Amino acid sequence: MVHEQMPLIQDLQTEEWWKDVTVPMLETVRRRLRALVKLIEKAQRKPIYTDFEDEIGGETAIELPGFATPDSFERFRAKTRQFLREHENDLVIHKLRMNEPLTATDLQELERMLATSGMAKPEHLAKAKGESNELGLFVRSLVGLDREAAKKALASFMTGKTLTSNQIEFVNLIVEYLTEHGVMEAGLLYESPFTDLNPQGPEGIFNSTQVDELIALLFQVRERAVA
């Protein structure tokens, strides 16, 4: 068990690893090393006592944006997500979840469904198209990809390669993201949790040809939601 995590343990003992460390990076370390805690030899420690009084200062009002009342578009997004999940077997929604290419007719049907649902005002649909560039991409971001469809989208990348455990975990993170969000911009490969595996992102794990292949596959997944 220790041997499997030894590269990480050694990295943690360097100053370089701790530069610009993030909470997701520390969470990854916690998850990967928590099973080793039981192997640490126990040693008796003397208790440490403190004797001090808390001091309470004056009140300060703090605004918490995350707890604010959602605006009408956020309510529309939440209701639309629920509506789409209830209708995920409809042809257009099914095609989006299964990463099947859409036609212009599919997008028209998708817009008709949302418009006649009673939840989408014209300004909501206009904003949805503007935020995601395409209505299909907006809907895909709400329903995500079927997990098997996400795996299938990455299958060609893994076929014929002998991948390391870090490379497999990197690909699995992409599958997880696509399953939840439906599409993925290539720039996210250079952010956490991908940089938790290697600070350089995909370049630190794959060669340049493989990185280009991954980015091309992400583009293909995106284009299948665009007519």
Measuring from its Cα centre, the chain shows a charge dipole (+1 at each Lys and Arg Cβ, -1 at each Asp and Glu Cβ) which, in debye to the nearest 20, is 860 debye
Going by how many other Cβ atoms sit within 10 Å of their own, how do L84, L107 line up, fewest first?
L107, L84
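How big is Rg to Rh over the chain, alpha-carbon atoms, Rh as the Kirkwood inverse-mean-distance radius? Please list the in-between numbers first.
Values: Rg = 23.3 Å, Rh = 21.3 Å.
That ratio is 1.10, to two decimals.
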Which whole-number percent gives the relative contact order of the chain, counting Cα pairs below 8 Å spaced six or more residues apart?
21 percent
Between the modelled labels at R34 and S72 (7 Å from Cα along Cα→Cβ) the distance in nm is 4.4 nm
Rounded to the nearest 10, the angle in degrees between the Cα long axis of helix 72-86 and the longest principal axis of the Cα atoms of the chain comes to 80 degrees
If you build the Cα gyration tensor of region 71-143 and take the root of 5 times each eigenvalue, what three semi-axes come out, in whole angstrom, biggest first?
18, 13, 11
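For region 20-143, what is the charge dipole size about the Cα centre, in debye to the nearest 20, if Lys and Arg each add +1 at the Cβ and Asp and Glu each add -1 at the Cβ? Before the final figure, lay out the partial values.
Numbers: 20 positive and 21 negative charges, 164 e Å.
Using Cβ point charges on Lys, Arg, Asp and Glu, region 20-143 gives about 780 debye.
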Going by alpha carbons, how many degrees (0 to 90, nearest 10) lie between the helix axis of 165-181 and the longest principal axis of the chain?
40 degrees
If I take all pairs of Cα atoms in region 147-223, what percentage of them are more than 16 Å from each other?
43 percent
Among R31, R112, R77, determine the one that fluctuates most according to a GNM of the chain built with springs between C-alpha atoms less than 10 Å apart.
R31
Taking Cα atoms, the helix 122-132 axis meets the longest principal axis of the chain at an angle in degrees (rounded to 10) of 50 degrees
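Every read-out reported here was derived from the displayed coordinates using simple, explicitly stated rules and does not represent laboratory data. Because the structure is predicted, anything quoted here is derived from the model rather than measured. In this analysis, Cβ positions are derived from the backbone assuming ideal geometry, glycine residues included, and neighbour counts consider all displayed protein chains.
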